[in-house]
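Below you'll find the structure, written out as structure tokens, and then a few comments.
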Amino acid sequence: MDVLALIMPMLALLQASGDVTMIGVGIAAGTAVIGPGAGMGYLIGQTIASIHRQPEAFDQTRTLMFLGIGLVEAFALYGIVFALLIAFVL
């Protein structure tokens, strides 16, 4: 299925309504969710593999995993804030 054939009617509708900033909001919010989601999945998967290989290092590995999750989640929140700024301030 041609993706461009699906996007063109939506773009025409947005241009007719005059609200083209919503395209930027969608792109900002989408990338803000997709990137950290993939990063968090990779981080948790590697942590599980590490704990499986070396169970005695569970406490240290778990602590580092939660630190990494916090940092990745901060990037997602920054992206959502930028999307809201585009939607309501600009």
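No value in this document is a laboratory result; all are computed from the given coordinates. Source: prediction; values computed, not measured. Every residue, glycine among them, receives a Cβ derived from its backbone with ideal geometry; neighbour counts consider all protein chains shown.
Listed peptides 64-72, 47-55 appear in the order 64-72, 47-55 once ranked by packing, highest mean of other Cβ atoms within 10 Å at the front.
Candidate membrane-span-like segments in the chain, meaning DSSP H helices with Cα atoms spread over at least 27 Å of their own axis and a Kyte-Doolittle mean of 1.0 or above, are 58-88, with no membrane implied. Across the alpha-carbon set of the stretch 21-60, the Rg to Rh ratio works out to 1.34, Rh being the Kirkwood radius.
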